[in-house]
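Participant: Input: one structure, supplied below.
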Amino acid sequence: MSAIDHIRRYAAELDAIRHDFHVHPELGMEEHRTAGIVADKLESWGIEVHRGVGKTGVVGVLRSGRGNRAVGLRADMDALPMTEKTGLPYASQTPGKMHACGHDGHTTMLLGAARYLAETRNFDGTVHFIFQPGEEGCGGALAMLEDGLFDRFPCDAIFGMHNRPNMPVGEYGIRPGATAAGGAFFDITVHGKGAHGARPEVSVDPVLAACQIGTAIQSIVARNISPFEPAVISVTKIQGGDAFNVIPDTATLAGTARFFSREVAQQIEQGLKRVAEGVAAGLGCTAELDFRLIFAPTVNDPELTTAYADVAAGLVGEAKVARDKEPGMGSEDFSFMMEKVPGAYIHVGNGPGATPHNPAYNFNDETTPYGAALYAGIVEAQLPKG
């Protein structure tokens with residue numbers, strides 16, 4: 001029996017678990033109920049459980065044979081601060097919170113793999129099931145790392161996955177090297193001198209300076225970053241003043257940057273500081289930059305990428321595995337774990353439907369066996385029995 005068919009035998013139970021997570025979404029670093037269910041399920045299958053790793057994270061440990069190598073499998077658990085509009089019978093019952101990125105499905109797929117591996121034990125070594133909190137910009141990966149994740153649970157390789165809406169169920173997509181962008185948030189505060197709106201000559205207008213800075217920022221990617229290095233800088237917020245007839249003392253800009261290397265991130269940070277301070281000075285103002293790295297670039301290890309894709313092809317056939325998937329400008333904090341331990345990150349088809357972070361989004365239960373079987377298969381491939 002294939003791993004997919006084996007897991008389908010208890011698909012109804014996995015679906016019920018996923019629906020329960022969906023009804024009761026929890027935001028990043030608040031996943032107490034979710035983590036409790038995960039831990040209880042793992043223990044019921046005879047898996048050693050460690051709770052509270054990185055606050056609300058859970059790590060399950062399963063050993064088989066005498067092998068001294070270890071593999072980590074990671075899934076994220078948190079929801080988003082959004083109001084659900086799916087109309088599902090198991091829609092969120094928590095106002096203003098929903099699983100709009102499929103982390104309920106990711107958690108369920110890893111649970112399915114854990115149960116399968118606990119039942120079959122067709123591997124030689126140790127598996128660490130890493131259930132991560134706070135992926136959605138809440139620092140969950142870093143929290144687990146700061147709590148000694150890989151000191152306490154050493155891994156030779158780690159693997160993660162994400163559902164991909166509008167990729168057919170039963171298909172996978174991956175690429176070696178950079179596969180998801182790193183991300184940063186920035187705030188620029190411009191200081192000037194306030195005055196009456198009818199007397200701009202006695203002011204030093206920070207709003208005018210902020211507008212000019214917002215335009216000049218676009219020169220960084222166009223003129224300072226190599227055209228062979230994809231990068232994005234988006235100003236998404238400009239604020240200044242509270243009245244129609246008052247020039248304020250300060251104005252602020254905020255936005256996000258995306259990049260595929262730490263070096264480009266540094267170039268962007270330096271460029272933002274130079275442009276903000278220089279443009280502001282030219283208009284008689286001063287400016288301060290606060291640049292915060294939220295996600296590192298997600299970079300797949302080439303050998304592990306091939307191994308992951310090979311397992312996927314063994315499950316569904318080579319024609320259903322895209323081995324050179326186009327990289328995305330979205331970000332993923334699994335990247336911080338992959339900076340510590342070599343790994344690979346793959347997309348699994350979720351079928352037609354709304355994209356993540358949309359109030360109409362829903363994870364497709366038909367995807368669960370394909371994700372769970374791939375998690376299990378990469379363990380068997382990386383930790384083969386002698």
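The values are calculated or read from the model by the stated rules, or taken from the named source; none is laboratory data. Source: prediction; values computed, not measured. A quick note on method: Cβ atoms are made from the backbone with ideal geometry, for glycine too, and the neighbour counts reach across all protein chains shown. Heads up: the accessible areas ignore ligands, DNA and RNA and are worked out on the full protein's heavy atoms, side chains in. Shrake-Rupley method; radii C 1.70, N 1.55, O 1.52, S 1.80 Å.
Participant: Can you tell me the dipole magnitude for the chain around its Cα centre, using point charges on the Cβ only (Lys, Arg +1; Asp, Glu -1), in Debye to the nearest 20?
Facilitator: Details: 32 positive and 46 negative charges, 62 e Å.
Computed charge dipole of the chain: roughly 300 debye.
Participant: Quick query: amide H of residue 300 versus all other amide H atoms, modeled in the peptide plane; which residues come in under 5 Å with a sequence gap of 5 or more or a different chain?
Facilitator: When sequence neighbours closer than 5 places are left aside, the close amide H contacts are 177, 178, 179.
Participant: Next up: When 1/r is averaged over all different Cα pairs and the result inverted, which Kirkwood radius in Å belongs to region 99-221?
Facilitator: Numbers: mean 1/r = 0.0498 Å⁻¹.
After inverting the mean inverse Cα-Cα distance, the result is 20.1 Å.
Participant: Right, here's the next one. How large is ³J(HN,Hα) for each residue in region 345-354, as worked out from phi by the Karplus curve 6.51 cos²θ - 1.76 cosθ + 1.60 (θ = phi - 60°), to whole Hz, x for Gly and Pro?
Facilitator: 10, 10, 9, 10, x, 10, x, x, x, 5
Participant: Separate question: What whole-number volume per residue, in cubic angstrom, does the convex hull of the C-alpha atoms of region 143-291 give? Present the calculation step by step, with values, prior to reporting the outcome.
Facilitator: Details: hull volume 26.8 nm³, N = 149.
Each residue corresponds to 180 Å³ of Cα convex hull volume.
Participant: Which order do peptides 88-95, 290-297, 255-262 fall in by mean Cβ count within 10 Å, highest first? Before the final figure, lay out the partial values.
Facilitator: Working: 88-95: 13.2, 290-297: 18.1, 255-262: 20.5.
Highest mean packing first, the order is 255-262, 290-297, 88-95.
Participant: By per-residue mean of other Cβ atoms within 10 Å, what is the highest-first order of 130-138, 78-86?
Facilitator: Values: 130-138: 24.3, 78-86: 19.2.
Ranked by mean Cβ neighbours within 10 Å, highest first: 130-138, 78-86.
Participant: Same structure again: Taking 35 Å as R0, compute the FRET efficiency from the Cβ-Cβ separation of residue 224 and residue 196 and round it to 0.05. Don't jump to the answer; show the numbers that get you there.
Facilitator: Values: r = 39 Å, r/R0 = 1.10.
With a Förster radius of 35 Å, E is 0.35.
Participant: Distance between Cα centroids, region 171-193 to region 28-90: provide it in whole Å.
Facilitator: Between the Cα centre of region 171-193 and that of region 28-90, the gap is 26 Å.
Participant: How large is the Kirkwood hydrodynamic radius of region 218-336, counting all unique pairs of alpha carbons, in Å? Walk me through the intermediate numbers first.
Facilitator: Details: mean 1/r = 0.0567 Å⁻¹.
This gives a value of 17.6 Å.
Participant: Further question: Relative to the present Cα-Cα distance, how much length would full extension add between residue 254 and residue 43 at 0.36 nm per residue of separation? Numbers along the way, then the final one.
Facilitator: Details: separation 211, 0.36 × 211 = 75.96 nm, distance 4.50 nm.
Taking residue 254 through residue 43 to full extension adds about 71.5 nm, to one decimal.
Participant: Give me the accessible area per residue for region 255-329, probe 1.4 Å, as a whole number in Å².
Facilitator: Values: 3610 Å² over 75 residues.
Ligands and nucleic acids excluded, the result is 48 Å² per residue.
Participant: Jot down the radius of gyration and Dmax of region 1-88, Cα atoms only, both in angstrom.
Facilitator: 15.4, 50
Participant: Counting only complete DSSP H runs, which helices of the chain cover 20 Å or more along their long axis at the Cα atoms and score a mean Kyte-Doolittle of -1.0 or above? Provide the component values of the computation, followed by the final result.
Facilitator: Details: long enough: 103-120 (26 Å, -0.19); 262-282 (30 Å, -0.33); 302-316 (21 Å, 0.77); 368-382 (21 Å, 0.47).
Long hydrophobic helices here: 103-120, 262-282, 302-316, 368-382.
Participant: Beyond 32 Å, what percent of the Cα pairs of the chain remain? Can you show the working numbers first?
Facilitator: Working: 29195 of 74305 pairs.
Within the chain, distances greater than 32 Å cover 39 percent of Cα pairs.
Participant: Take residue 20 and residue 294, extend 7 Å from each Cα along the Cα→Cβ direction, and tell me the distance between the two endpoints in nm.
Facilitator: For residue 20 paired with residue 294, the spin-label model returns 3.2 nm.
Participant: Compactness ratio of region 159-238: Cα Rg over 2.2 N^0.38 Å, N = residue count? Present the calculation step by step, with values, prior to reporting the outcome.
Facilitator: Details: Rg = 21.0 Å, N = 80, 2.2 N^0.38 = 11.6 Å.
Expressed relative to 2.2 N^0.38 Å, the Cα Rg reads 1.80.
Participant: Within the chain, count lysine pairs with alpha carbon atoms under 25 angstrom apart where the residues are 8 or more positions apart or belong to different chains.
Facilitator: Taking the chain as the scope, the lysine pair count is 10.
Participant: Another question about this same structure. Kindly write out, for region 169-182 in residue order, the coupling ³J(HN,Hα) from the Karplus curve 6.51 cos²θ - 1.76 cosθ + 1.60 (θ = phi - 60°), rounded to whole Hz, with x marking Gly and Pro.
Facilitator: Going residue by residue, I get 4, x, 10, 9, x, 7, 8, x, x, 5, 10, 9, 6, x Hz, with x marking Gly and Pro.
Participant: Compute the accessible area per residue over region 143-204, keeping the other protein chains in place, probe 1.4 Å, unit Å². Don't skip to the end; give the middle numbers.
Facilitator: Values: 2450 Å² over 62 residues.
It amounts to 39 Å² per residue over region 143-204.
Participant: Can you tell me which of 236-243, 70-77 comes out highest on packing, and rank the rest after it, using the mean Cβ neighbours within 10 Å? Please list the in-between numbers first.
Facilitator: Values: 236-243: 12.6, 70-77: 25.9.
So the order, starting with the most tightly packed, is 70-77, 236-243.
Participant: Sticking with this structure for a sec: List the residues, sorted by chain then number, that are 5 or more residues from residue 158 or on another chain and whose placed amide H is less than 5 Å from its amide H.
Facilitator: Here the answer is 72, 343, 344, since their amide H atoms fall under 5 Å of that of residue 158.
Participant: Could you compute Rg(Cα) / (2.2 N^0.38 Å) for region 288-365, with N its residue count? Before the final figure, lay out the partial values.
Facilitator: Working: Rg = 15.6 Å, N = 78, 2.2 N^0.38 = 11.5 Å.
With N residues counted in region 288-365, Rg over 2.2 N^0.38 Å equals 1.35.
Participant: In addition: Remind me, relative contact order of the chain in percent, using alpha carbon pairs under 8 angstrom and six or more residues apart? All intermediate terms of the calculation are to be shown ahead of the outcome.
Facilitator: Values: 921 pairs, mean separation 95.9, N = 386.
Relative contact order here is 25 percent.
Participant: How big, on average over all directions, is the shadow cast by the Cα convex hull of region 35-162, in nm²? Mind dumping the intermediate values first?
Facilitator: Details: hull surface 32.9 nm².
About 8.2 nm², averaged over all directions.
Participant: Using modelled backbone amide H atoms (1.01 Å from N, in-plane), which distant-in-sequence or interchain residues come within less than 5 Å of residue 53's amide H?
Facilitator: 58, 59
Participant: Taking all protein chains in place and a 1.4 Å probe, what share, in percent, of the accessible surface of the chain do carbon and sulfur account for? Let's see the in-between values first.
Facilitator: Working: 8130 of 15980 Å².
Carbon and sulfur atoms account for 51 percent of the accessible area of the chain.
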